[in-house]
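Asks: Structure below; questions to follow.
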Amino acid sequence: MTNVNLSYEYIAAFFLLMLLIWYFTEKKVPLRSYRYFAYVLITAFGATVLEILTYKFAEYANMIPFKVTYICLSLQMLCIHSFIVCMANYLLSLARIDARNHLALKYTFVVSWLLISVICLLNPIFGWAANLEGNVYSMKGIGYVLYGIDAIMVIFIGWVLIAKRQSFKFIRKTIAVFLFVCAVVAGIVQEFNFAPMLNLAITIFCFVLYLFGQGPEVDIDKTTGQFSRTFFGRYLKDRFISDKAFSLIVLDLDDFKFINQSYGVAMGDILLEMVGSYLENMNRSNTVFHYDADRFCIVVDKGVAFVGDVVEAIHKRFDNPWEYDKLEIMMAATLCVIDCPRDADNPEKLVEIIDFTMETAKSTNKGRITFASDIDIDLEKGQRSKNIERAVKDAISSDNIMVYYQPIYSAEKQCYNSAEALARLHDEKLGWISPDVFITIAEKTGLIIELGEMIMHKVCSFIKENELSKTSIEYIDVNISPLQLMQKGFASKMLAIMKQYDVDASQINIEITETAMMTSFAVVSENLLEFVENNISISLDDYGSGYASINYINSMPFKFIKLDKGIVWASFKENKARITMEHTVRMLNDLELQIIAEGVETDEMKEKLVQVGCHYLQGWYYSKAVPGDEFMALING
């Protein structure tokens with residue numbers, strides 16, 4: 001052991017120390033793989049430092065007691081052989097295999113680690129595993145058992161890499177193979193006394209793995225500083241494998257889009273960060289995930305009684321404003337509590353229950369606390385949603401989305417002058433699916449983008465093929481989803497479709513809802529203004545059904561305002577509703593906007609609505625939505 005160049009060991013020790021400091025000062029990631037990676041770092045650092053000390057103590061044998069050097073050697077043996085066992089456990093965790101749930105694996109690791117510990121820790125007493133004579137170190141006797149354990153672990157690591165290769169991401173698979181080869185080669189090199197390079201090889205592996213796959217920043221949502229939705233899926237798989245009970249609190253910020261609209265998206269992001277920080281700091285044992293745009297999930301390890309205290313504290317926090325830079329902003333939140341494994345015993349079911357319970361809570365218990373155990377969880381409904389999503393995908397791919405047309409009557413011209421295009425879907429297994437249902441699911445899944453383009457193609461084709469410009473029909477209303485309007489370049493794409501069919505701009509009217517004005521206002525405005533600049537009219541649909549704001553009417557270039565059928569019907573039943581409707585119509589007329597009344601079903605309604613100042617009428621009094629050929633027969637008849 002004399003005259004050994006320890007440069008490699010010094011470099012390895014320094015970088016492993018830096019890596020340990022970084023790792024333990026970063027946000028703690030609650031996965032077995034991260035815990036075992038910590039064990040890998042600790043044993044690698046211990047082996048490196050102890051090897052340096054053993055060499056140095058042996059070099060100064062006249063000053064350092066032999067017993068101290070021998071103890072240091074034995075501890076170094078413990079660390080380096082434990083490192084291989086930790087590495088095997090780490091790879092198992094990446095492959096999502098819990099040795100505790102497999103009896104053979106469990107006993108293999110327990111017995112291996114016990115043997116390593118007993119042999120190495122008792123070696124200073126019995127001297128049965130290694131000799132240290134002067135400056136010469138050599139293995140002996142029972143010490144060769146350690147090599148046998150190493151061989152078993154190396155073979156096992158190789159098997160995991162090959163048999164479970166589909167469980168590893170590419171980068172981790174590459175790094176793991178790199179380590180396996182380096183460890184074997186460096187071990188052989190060191191055993192034959194070419195150079196003490198094993199610890200440096202391990203250090204390089206740890207650094208590469210940390211930087212490209214194991215560092216916690218890859219799993220953290222940049223907006224909130226909490227764990228991301230993607231990581232949530234990995235965490236659940238790991239959590240259910242461990243078979244430990246836990247509770248999940250789901251927090252959904254109510255009407256957060258209005259916060260974004262009122263204070264701006266940047267302020268909204270700050271508030272999300274504040275909420276995430278509060279949830280994390282209220283109890284350090286909780287694990288917080290930014291699940292969705294305005295939704296958080298909090299994993300609580302304690303019992304149900306403790307969970308009740310936590311969720312109640314969160315609920316009370318929202319009774320007070322959130323303060324930032326002299327602003328005091330009130331927010332509300334709906335909370336759901338899911339107990340696992342009682343309410344959900346696997347990741348897939350839990351995700352379904354999260355969506356189902358929150359949807360139920362929003363409709364029946366908004367702004368309050370709901371326990372999943374207190375509601376009738378009907379996952380068949382969730383399955384139906386998946387089936388409908390499948391039906392929408394199939395209809396898009398097979399071009400089976402149908403477009404029906406509901407005529408709109410002009411009170412001034414006494415004829416049908418326009419129509420609203422409405423999507424219809426029939427599935428062989430599910431039958432007719434309500435537009436309110438499949439459009440909502442298409443918006444949630446993002447399919448509305450492709451669906452909307454298909455509808456525009458069909459409407460433009462219908463206009464061209466039936467030469468609507470030669471009829472009384474001046475334009476067709478095309479409903480646009482908020483999600484479509486949030487896409488940059490959306491207007492340009494729609495204009496390109498119209499040009500493809502030689503459809504004049506005046507023959508299309510873009511119809512949006514109030515909801516569209518409350519998300520990504522800048523992008524929405526940009527798209528709407530591009531439509532107007534190209535002479536396409538815009539109408540605001542369902543006016544009076546929700547959070548109607550005169551600000552939207554004043555700031556956006558609407559030509560038509562559609563009164564929601566709810567306000568129309570109510571005006572014929574209640575005096576206050578009638579007065580409200582009449583004043584609304586008068587105001588819109590003063591603003592020189594064209595008014596379309598929806599839900600017209602009787603001759604009385606028709607006469608009254610025209611009398612108060614509505615310009616156009618739409619409803620079953622005239623016609624329900626019908627296929628294109630029936631629509632043409634109607635207007636030509």
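The values are calculated or read from the model by the stated rules, or taken from the named source; none is laboratory data. Note that the structure is predicted; figures quoted are calculated from it, not measured. Every residue, glycine among them, receives a Cβ derived from its backbone with ideal geometry; neighbour counts consider all protein chains shown. Only protein heavy atoms, including side chains, enter the accessible area calculation; ligands, DNA and RNA are left aside. Shrake-Rupley method; radii C 1.70, N 1.55, O 1.52, S 1.80 Å.
Asks: Show which lysines lie in cross-link reach of Lys576 when reach means a straight Cα distance below 18 angstrom and same-chain residues fewer than eight apart are skipped.
Replies: Once the sequence-local lysines are set aside, what remains near Lys576 is Lys565, Lys608.
Asks: How big is D, in µm² s⁻¹, for the chain by Stokes-Einstein at 4 °C and 1.567 mPa s if Rh is the Kirkwood radius over C-alpha pairs?
Replies: This corresponds to a translational diffusion coefficient of 43 µm²/s.
Asks: Measuring from centroid to centroid over Cα atoms, what is the spacing of region 448-487 and region 423-442 in Å?
Replies: One Cα centre to the other: 19 Å.
Asks: Further question on the same structure: Using the Cα centre as the reference, give the magnitude of the dipole from point charges on the C-beta atoms of the chain (Lys, Arg: +1; Asp, Glu: -1; all else neutral), rounded to the nearest 20 debye.
Replies: So the magnitude is around 2640 debye.
Asks: Between beta-carbons, use under 9 Å as the cut-off and find the net charge around Tyr621, counting Lys and Arg +1, Asp and Glu -1.
Replies: -1
Asks: OK, next. Which whole-number percentage describes the relative contact order of region 382-538, with Cα contacts under 8 Å and a sequence gap of 6 or more?
Replies: Rounded, it is 20 percent for region 382-538.
Asks: Report the local net charge at Gly264: Lys and Arg +1, Asp and Glu -1, summed over other residues whose C-beta lies under 14 Å from its C-beta.
Replies: -1
Asks: Find how much the distance from Ser117 to Asn535 grows on full extension, using 0.36 nm per residue of separation minus their present alpha carbon separation; answer in nm with one decimal.
Replies: Answer, rounded to one decimal: 142.4 nm.
Asks: Rounded to the nearest whole Å², what accessible area per residue is found for the chain with the 1.4 Å probe?
Replies: 48
Asks: For labels at Ser461 and Val523 in the simple 7 Å Cα→Cβ model, what's the distance in nm?
Replies: The modelled label-to-label distance comes out at 2.8 nm.
Asks: Any chance you could give the angle, 0 to 90 degrees and rounded to 10, that helix 229-242 forms with the longest Cα principal axis of the chain?
Replies: The angle comes out near 50 degrees.
Asks: Leaving out same-chain residues fewer than 8 places away, which lysines sit with a Cα under 26 Å from that of Lys393?
Replies: Lys349, Lys381, Lys429, Lys444, Lys458, Lys488, Lys493
Asks: If you rank Ile401, Ile125 by how much accessible surface each has, with a 1.4 Å probe, what is the order from largest down?
Replies: Solvent-accessible surface, decreasing: Ile125, Ile401.
Asks: Rounded to the nearest 10 degrees, what's the angle between the helix 265-281 long axis and the longest principal axis of the chain, both from Cα atoms, 0 to 90?
Replies: 40
Asks: Counting only chymotrypsin sites (Phe, Trp or Tyr not before Pro) that sit in a DSSP loop (anything but H, G, I, E, B) with at most 14 other Cβ atoms within 10 Å, what is the longest stretch of the chain containing none of them?
Replies: 195-546
Asks: With unit charges on the beta carbons (Lys and Arg positive, Asp and Glu negative) and the dipole taken about the Cα centre of the chain, which residue among Gly127, Leu114, Thr43 sits farthest to the positive side?
Replies: Towards the positive end, the residue furthest out is Gly127.
Asks: Heavy atoms of the protein only, probe of 1.4 Å, neighbouring chains included. What is the accessible area of Lys488 in Å², nearest 10?
Replies: Ignoring ligands and nucleic acids, Lys488 comes out at about 150 Å².
Asks: Charges at C-beta only: +1 for Lys and Arg, -1 for Asp and Glu. How large is the resulting dipole of region 309-363 about its Cα centre, in Debye rounded to 20?
Replies: 140
Asks: Using Cα atoms only, what is the angle between the long axis of helix 103-126 and the major principal axis of the chain, expressed in degrees (0 to 90) to the nearest 10?
Replies: Here the helix axis deviates by roughly 30 degrees.
Asks: Sort out for me the Cα centre separation of region 225-287 from region 609-637, rounded to whole Å.
Replies: 48
Asks: Turning to a different aspect of this structure: Can you classify region 345-417 as rounded, prolate or oblate using the Cα gyration tensor, where a ≥ b ≥ c are the square roots of its eigenvalues, rounded means a/c under 1.5, and otherwise it's prolate if a/b beats b/c and oblate if not?
Replies: oblate
Asks: Can you give the calculated 222 nm mean residue ellipticity of the chain, where each DSSP H run of n ≥ 4 adds -39,500 (n - 2.57) and the sum is split over every residue, rounded to the nearest 500 deg cm²/dmol?
Replies: After summing the helix terms and dividing by residue count, I get -18000 deg cm²/dmol.
Asks: Percent of accessible area on the chain owned by carbon and sulfur, 1.4 Å probe?
Replies: 56
Asks: Please compute the net charge surrounding Leu335, taking Lys and Arg as +1 and Asp and Glu as -1 over other residues with Cβ under 10 Å from its Cβ.
Replies: -1
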